[in-house]
Amino acid sequence: MTVLVTGGLGFIGSHTVVDLIEQGYDCVILDNLSKSTIDVLDKIELVVQKKVPFMQVDMLDVQVLRNVFKEYNISAVIHFAGFKSVSESVRKPLLYYQNNLISTINLLDVMKEFNVKKLVFSSSATVYGDLHNPPMKEDFSLQAPNPYGRTKQILEEILHDIFSSDSTWSIALMRYFNPIGAHKSGSLGELPFGRPNNLMPHVLKAASGETSGLAIFGGDYDTVDGSCIRDFIHIMDLANGHVKALDYIERNFGCEAFNLGTGVGYSVLNLIHTFEKVTDVKVPYEIVNRRDGDIVVSIADVSKAEALLGWQAKYTLADMCEDAWRWYQINKEQEHRILNEKVF
């Protein structure tokens, strides 16, 4: 079975490609390299010990997409490609609506044309907004609070409409929480371009002395230590959730949403202290004023994924910190070179 993985050189996509190949799937990777580098392909192939077909494709070009489906006998698609910065989406909403919506609609048109109706879609816990008390359940109402999240919510609605119009589609909507960590080999990890949007890259830079310290936004929330609480999940657990979802849609028609998290909330300070314990490296930090728009507590209810996908997160917070630090220590000089050479 050949799986098309869009955005397959990104953080989540690259780790998912590795898990797919290790589970016996054939993969074709699409990426436009706007937020990734071709070096990642070499690292994927180093881990899996085989060549993986890759095409540099702008998914806004529907004819190029059509050529991919003509060249390869695609059976299913895992769709990661898309812009994902919340802050950038607030500054440039039209860019996000154009890229994330139109590229996905193009993909769906071509899939329908070639009768490929199995899709695992990369959504986000952002779609829940701040309406509900955690843990978040898949049947909660949705109210994404920013343009990035709204692109995910709109696309979920489009995918539900597609299934309503044609019940031969099989679609899994993956709403994941806070992925961190890296592949055990140290070959693959998170390489953000520009200012990182996620917490762990800031922790790594502070721990290595590249920055003067980490800013923690708010220390007076009604939580165990005053800092925000998040459901951190190891990137390989997240990747495996997509592989399990692929197996599920091979056997079931429908359009189902699934949370991917650990179901456990860790505070920001808990993450820092765990990192310090497993690495024996101090992380300088400063508690600063709260940041507008931050959700205080975000935790997944993962019972649906466990029951229907047969999936369960197995890595601990200590594993996440240890693996992220190993990757950074091995790759930081090379990654700095890549980022310096990258033209934006």
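Only the coordinates and a few stated rules stand behind these numbers; no lab work does. None of these values were measured; they are calculated from a predicted model. As a convention, Cβ positions derive from the backbone with ideal geometry for all residues, glycine included, and neighbour counts pool all protein chains shown.
Can you tell me the orientation of helix 268-279 relative to the chain, as the angle in degrees between its alpha-carbon axis and the longest Cα principal axis, to the nearest 10?
Once rounded, one gets 80 degrees.
Hey, quick one: spin label on Met1, modelled 7 Å out along Cα-Cβ, who in segment 234-252 has an amide N within reach, i.e. under 16 Å?
So the set is 240-252.
If you fit an axis through the alpha-carbon atoms of helix 39-48 and take the longest principal axis of the Cα set of the chain, what angle between them do you get, 0 to 90°, nearest 10?
With both axes taken from Cα atoms, the answer is about 80 degrees.
Counting other C-beta atoms within 10 Å, and keeping those with at most 15, which DSSP coil GluC sites (Glu not before Pro) do you find in segment 149-241? Can you show the working numbers first?
Values: sites: Glu156, Glu157, Glu190, Glu210; in loops: Glu190, Glu210.
When the GluC sites (Glu not before Pro) of segment 149-241 are filtered for loop state and at most 15 Cβ neighbours within 10 Å, Glu210 remain.
With +1 assigned to the C-beta of every Lys and Arg and -1 to the C-beta of every Asp and Glu, and no other charges, what is the dipole magnitude of the chain about the Cα centre in debye, to the nearest 20?
Numbers: 32 positive and 43 negative charges, 82 e Å.
Dipole about the Cα centre, nearest 20: 400 debye.
For labels at Ile105 and Ser75 in the simple 7 Å Cα→Cβ model, what's the distance in nm?
Going by the 7 Å Cα→Cβ label model, 3.2 nm.
In Å, what Kirkwood hydrodynamic radius results for segment 173-253 from the alpha-carbon pair distances? Walk me through the numbers before you get to the answer.
On the way: mean 1/r = 0.0652 Å⁻¹.
Answer for segment 173-253: a Kirkwood hydrodynamic radius of 15.3 Å.
What are the ³J(HN,Hα) couplings of segment 321-329, residue after residue, when phi is run through the Karplus curve with 6.51, -1.76, 1.60 and θ = phi - 60°? Round to Hz, x for glycine and proline.
Along segment 321-329, the couplings run 5, 4, 5, 5, 5, 4, 4, 5, 5 Hz.
Projected onto the charge dipole of the chain (+1 at Lys/Arg Cβ, -1 at Asp/Glu Cβ, origin at the Cα centre), which of Thr262, Asn32, Leu188 gives the Cα projection farthest towards the positive end?
Comparing the listed Cα positions along the dipole, Asn32 ranks first.
Give me the distance in nm between label points sitting 7 Å out from Cα along the Cα-to-Cβ direction at Ile154 and Ile287, one decimal.
Rounded to a tenth, the inter-label distance reads 4.0 nm.
Report the extension gain between Gln49 and Asp247 in nm, rounded to one decimal, defined as 0.36 nm multiplied by the number of residues separating them, less their alpha carbon distance. Don't skip to the answer; put the middle values down first.
Working: separation 198, 0.36 × 198 = 71.28 nm, distance 2.34 nm.
Result: 68.9 nm gained on full extension.
How far is helix 62-71 tilted, in degrees, relative to the longest principal axis of the Cα atoms in the chain, given as a value from 0 to 90 rounded to the nearest 10?
Helix 62-71 and the main axis of the chain meet at about 70 degrees.
Looking at segment 159-237, which chymotrypsin sites (Phe, Trp or Tyr not before Pro) are DSSP coil and have at most 16 other C-beta atoms within 10 Å of their C-beta? Working shown, then result.
On the way: sites: Phe163, Trp169, Tyr176, Phe177, Phe193, Phe217, Tyr221, Phe232; in loops: Trp169, Phe177, Phe193, Tyr221.
Of the chymotrypsin sites (Phe, Trp or Tyr not before Pro), the ones in loops of segment 159-237 whose Cβ has at most 16 other Cβ atoms within 10 Å are Phe193.
Based on DSSP H runs of at least 4 residues, each adding -39500 (n - 2.57), what is the mean residue ellipticity at 222 nm of the chain after dividing by all its residues, to the nearest 500 deg cm²/dmol?
Numbers: 11 runs with 135 residues, N = 344.
About -12500 deg cm²/dmol.
How long, wide and thick is segment 97-173, going by the Cα atoms along their three principal axes, in whole angstroms, largest first?
Result for segment 97-173: principal-axis Cα extents of 42, 26, 17 Å.
Students often get this wrong, so check it: of Lys244/Lys304; Lys118/Lys304; Lys282/Lys332; Lys112/Lys137; Lys184/Lys244; Lys205/Lys244, which have C-alpha atoms separated by over 22 Å? Could the numbers behind the result be given before it?
On the way: Lys244/Lys304 13 Å; Lys118/Lys304 20 Å; Lys282/Lys332 18 Å; Lys112/Lys137 30 Å; Lys184/Lys244 20 Å; Lys205/Lys244 33 Å.
With Cα atoms farther than 22 Å apart: Lys112/Lys137; Lys205/Lys244.
Any chance you could run the full-extension gain for Asp225 through Gln98? It's 0.36 nm times the residue separation minus the Cα-Cα distance, nm to one decimal. Each step should come with its number before you reach the end.
Details: separation 127, 0.36 × 127 = 45.72 nm, distance 4.07 nm.
Residue separation times 0.36 nm, minus the Cα-Cα distance, leaves 41.7 nm.
P(r) tail for segment 2-341, what percent of Cα pairs lie past 27 Å? Display every interim value, and only then the final one.
On the way: 24781 of 57630 pairs.
In whole percent, the long-distance tail amounts to 43.
State the Cα centre-to-centre distance between segment 28-90 and segment 121-187 in whole Å.
Between the Cα centre of segment 28-90 and that of segment 121-187, the gap is 20 Å.
What distance in nm separates the simple spin-label points at Ser303 and Arg195, each placed 7 Å from Cα in the Cβ direction?
Output for this residue pair reads 4.0 nm.
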